[in-house]
Amino acid sequence: MRITVLTGAGISAESGIRTFRASDGLWENHRIEDVATPEGFRRDPALVHRFYNQRRATAVRAQPNAAHRALARLARHHDLTLITQNVDDLHERGGSTEVIHMHGSLLGALCAACGCRWPAPLVMRAQDLCPSCGAPETRPDIVWFGEIPYHMEAIWAAVENAGIFAAIGTSGLVYPAAGLAQHARRNGAETIELNLVDSAVSRDFTQRRIGPATTVVPEWVDMLCS
Ligand code: APR
């Protein structure tokens, strides 16, 4: 039986990476339209690079937590598809070898002119030139609002073929990620939500485990692997 897991910022919160919509969240101190849209990047690329350089510096210092490691363990016992909205690499550093980053990654750089991709330096600058075409249009390889998330074909397939679909640490406010649980349920999956509190789509889940990810995720994985 395939288990498909979707994670959000909440799984990295206890590693010291801020979520988006908490009281001290990233969107409390930055306007989405300024730092997380193609229009904002065209308007002020230096501001956007400063925002992602700060997030990249935080992410590389952060350490994976027990929830990340539990999902790596789960993959050793079950047919797991791990989808994340997160752009940090804590799943990989926690031992997961196959991670679908539907919103891109802080560790990736992209040329807005030719589409070339390469490993992002710790600090990106608006005047950096693309190593392939030489254009001064390098950006973080992050999916911004208004852009199409990556790997959606594989994601829909993993959701439609799941026996269990779990969402961990996500507020359920951003689509298409927020619609995956309903789609899984319509295709016969058991659905479980692991979060500190209700999300905007809690109604789509038949089971809940309420608590911090570093507690409820290892407990859930222990149950599945026992
Ligand atoms: N353990 C479990 N869940 C937690 C924890 C924790 N320690 N801390 C916070 N959470 C939960 C919150 O209750 C909330 O439901 O994590 C969720 C964080 O919600 P958001 O900040 O909205 O993050 P996320 O759901 O990942 O946002 C989705 O929105 O801004 C865009 O592209 C961005 O990928 C992001 C997307």
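The values are calculated or read from the model by the stated rules, or taken from the named source; none is laboratory data. Source: prediction; values computed, not measured. When we count neighbours, we look across all protein chains shown, and the Cβ atoms used for this are built from the backbone with ideal geometry, even at glycine. Protein only, heavy atoms only, side chains kept; ligands, DNA and RNA dropped before computing areas. Shrake-Rupley method; radii C 1.70, N 1.55, O 1.52, S 1.80 Å.
Summary table
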{"item": "Set of the stretch 162-190 residues, backbone N closer than 20 Å to the point 7 Å along the Cα-Cβ line of Glu147", "result": "173-178"}
{"item": "Antiparallel bridge percentage (DSSP; both residues within the stretch 81-164; nearest 5)", "result": "70 percent"}
{"item": "Mean Cα-pair separation over length for the chain, i.e. relative contact order, pairs under 8 Å, 6 or more apart, %", "result": "23 percent"}
{"item": "Of all accessible heavy-atom area on the chain, the percent that carbon and sulfur account for (1.4 Å)", "result": "52 percent"}
{"item": "Degrees between helix 66-77 axis and first principal axis of the chain (Cα, 0 to 90, nearest 10)", "result": "60 degrees"}
{"item": "Exposed-site-free run, longest, the chain (rule: trypsin sites (Lys or Arg not before Pro); DSSP loop; at most 16 other C-beta within 10 Å)", "result": "126-226"}
{"item": "Between the stretch 5-78 and the stretch 88-146, the Cα center-to-center distance that results, in Å", "result": "14 Å"}
{"item": "Share antiparallel - DSSP beta bridges, the chain, percent rounded to 5", "result": "25 percent"}
{"item": "Under 12 Å, Cβ to Cβ, from Gly95 - net charge with Lys/Arg +1 and Asp/Glu -1", "result": "+1"}
{"item": "Simple Cβ-charge dipole of the chain, Lys/Arg +1 and Asp/Glu -1, about Cα centre, in debye nearest 20", "result": "240 debye"}
{"item": "Helix-only CD estimate at 222 nm, as mean residue ellipticity for the chain, using -39500 (n - 2.57) per DSSP H run (n ≥ 4)", "result": "-9500 deg cm²/dmol"}
{"item": "Amide H within-cut-off set for Cys116, under 5 Å, with H built and near neighbours excluded", "result": "Cys111"}
{"item": "The chain: angle of helix 213-225 to the longest principal axis, Cα-based, in degrees nearest 10", "result": "50 degrees"}
{"item": "Whole-Hz couplings from phi, Karplus 6.51/-1.76/1.60, listed for the stretch 120-130; x for Gly and Pro", "result": "6, x, 4, 10, 9, 10, 4, 8, 4, 9, 5"}
{"item": "Average accessible area per residue (Å²) across the chain - probe 1.4 Å, nucleic acids and ligands excluded", "result": "46 Å²"}
{"item": "Cβ-placed point charges (K, R +1; D, E -1), dipole of the stretch 163-216 about Cα centre in debye, nearest 20", "result": "80 debye"}
